[in-house]
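Written below as C-alpha cells is the structure these notes are about.
The values are calculated or read from the model by the stated rules, or taken from the named source; none is laboratory data. Predicted model only: the values in this text are computed from it and were never measured. Quick reminder, even Gly has a Cβ in these numbers, built from the backbone with ideal geometry, and neighbours come from all protein chains shown.
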Ligand code: HEM
C-alpha cells in the first residue's frame, strides 16, 4: 500500500482524541525518509488539502511550510519585499529550537552568497554571477563537453556495463566546471574530491576542508595569473568581490550546479532508456533528448523543493497563515503538477514549469545547463548505440532527502567497445577502470581519483 492509499484519510501525524475518536489535524508531513523518496507525488497530493501550502518536516524536528500551489509559489518567488531569503531571519534557529544535528541545516544556513541575500546586496552579488556566466563561450562549452564525455565513456566502454551515475553523470559536470572555472590539474582533482565527498556524505568534514583549501588556492592563483575563465571574470567584476566573497560564490556556483546537473542527466537517461515514448533510447535525435529533458523539468525537477523564504511579517498566503521568520519552502515539483494547470501545459507552454525557479533568484545558468545536458546525453547514446538499462526501470530507487529528486544508481549494459587506444585510467598503477573506483585520494596529486589531471593528460596525448 502506498502513502496515498494508506494516508489519504489518516496522514502521518494524525492524532485521534481518545474520548471522541475525532481525528485531529496532522502536525506535519515528513519529507525525509524512504517513503517520500519512493512516491513524492502522493505526499504533494495529500498536502494540497491544506490549501496553497501545508505543514512539513524537512528532517526530524525541523518544521517548515511547503508551498504546493503554482500561483502561490510564483507569488512568493516574485515578492522579495515580503518573502526574504536571508536565513538569519529564521526565528526557530535563533531561538535554539532547531536540532543542531539536522542534516538539512547546511542547505539552509546563511552564507554571504546570492542565494541567501536580499535587496541591494543580492543585486550586487547576482550581477557579478550573471555577468560572468554571460561571458561563457557556448562553442567552447560544446567542444569541451564532447571531449570530457568521450574521456569518461572511454573509461567504461570496454566493460559492457556501467552505473551511469557514478561513472558518468556525477563526474561530467564537475569536470566541466573545472574547465569553466580555469582549474589547473592538481586543484581540479581536489575540487572533485571535495564536491564528490560532500554529495556522497562520506567524510564530509574532510571533503569540506579540502574544498575550501583548494578554492582559496584557486582564487590566489587567479589573482596572480588571470585567465579566460569564470573565476577570473568574477574576480575582475566591477562590484569588487573580496576573497571570502569569491569563495562563497564559487561554492554556490559549483554546488548549485553540479548536483542538479547530475540529476537532470540521470533522470533524462532513465526516461530515454525505459519509456516507450522515447523509443527506449534508440533514437538519439536532438528533439527527443530535449523532450525527455523537458519531461524531467516538468515531472521530476532535479531541485524538487527548495528556495527557502522567511516572511518579513505575518502573512496570509491565499488563506494560509505564515508567521514572520518561519521557513517557507517552494515545491517546484508540486507546483509543476498543480491540478489547476491545464493538462496540455507540458506541450502548449513548455517553459512554464518552475524547475529553474522564478523571480529575482531564478537560476542564472539555465542556458549552459541545458546545453551541457543535451550534449552529455547525446554523446552517450551515440557512443553506445545499443545501451539499455541493466535492471527493470521499476526497481530503480531514489535518494531520500527533501530537496532533490535524485536516483541512487542507474545501471546500464551495452556491447563492449574495443578501442585501439584507451584513455589512461585515473587510478594509475592498479589497472582498474573508472567504474571500479577505489576510494579517492584527497590530495589528488597524480594519485588515485585524479580525474581532472587524468583528462588533461589524455587530452594532451
Ligand atoms: C539542471 C540543472 C539546474 C537546475 C534544475 C537548476 C535549478 C535552479 C533553481 C530552481 C534555482 C532557484 C533556487 C532558489 O530560488 O533558491 C537555481 C538557482 C541558482 N542556480 Fe541553478 N540549476 C541548475 C544548474 C545550475 C548551474 C549549472 C549553475 C552554475 C554554473 C547554477 C547556479 C545557480 C545559482 C548561482 C543560483 C542562485 C541564484 C540566486 O539566488 O540569485 N545552476 N537553480
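Residue by residue, here is whether (1) modelled with pLDDT of 95 or more; (2) surrounded by fewer than 17 Cβ atoms within 10 Å (Cβ to Cβ); (3) within 16 Å of the ligand (Cβ to nearest atom) holds:
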{"residue": "113", "(1), (2), (3)": "yes, no, yes"}
{"residue": "118", "(1), (2), (3)": "yes, no, yes"}
{"residue": "121", "(1), (2), (3)": "yes, yes, yes"}
{"residue": "129", "(1), (2), (3)": "yes, no, yes"}
{"residue": "157", "(1), (2), (3)": "yes, no, no"}
Quiz item: Given the structure, is residue 379 surrounded by fewer than 17 Cβ atoms within 10 Å (Cβ to Cβ), farther than 27 Å from residue 401 by Cα and either touching a residue at least 60 places away in the same chain (Cβ under 8 Å) or within 16 Å of the ligand (Cβ to nearest atom) (or both)?
Solution: no
Quiz item: Does residue 269 count as within 16 Å of the ligand (Cβ to nearest atom) and in a helix (DSSP H, G or I)?
Solution: yes
Quiz item: Which ones in the range 176-193 are over 16 Å from the mean Cα position of the chain (by Cα) and either at pLDDT below 80 or within 16 Å of the ligand (Cβ to nearest atom) (or both)?
Solution: 178, 179, 180, 181, 182, 183, 188, 191
Quiz prompt | Residue count, the range 222-253 (criterion: farther than 15 Å from residue 303 by Cα and part of a helix (DSSP H, G or I)) | solution = 19
Self-check item: Total residues in the range 236-265, condition out of contact with any strand residue (DSSP E or B) (no Cβ under 9 Å at 6 or more places or on another chain) and within 16 Å of the ligand (Cβ to nearest atom)
Solution: 20
Quiz prompt | helices (runs of 4 or more DSSP H) wholly inside the range 29-108 containing at least 3 residues that are modelled with pLDDT under 95 and within 16 Å of the ligand (Cβ to nearest atom) | solution = 105-108
Quiz item: Residue check, residue 364 against (1) within 12 Å of the ligand (Cβ to nearest atom); (2) closer than 30 Å to residue 140 by Cβ; (3) at pLDDT 95 or above; (4) touching a strand residue (DSSP E or B) at 6+ places or on another chain (Cβ under 8 Å), all met but one. Which one?
Solution: (4)
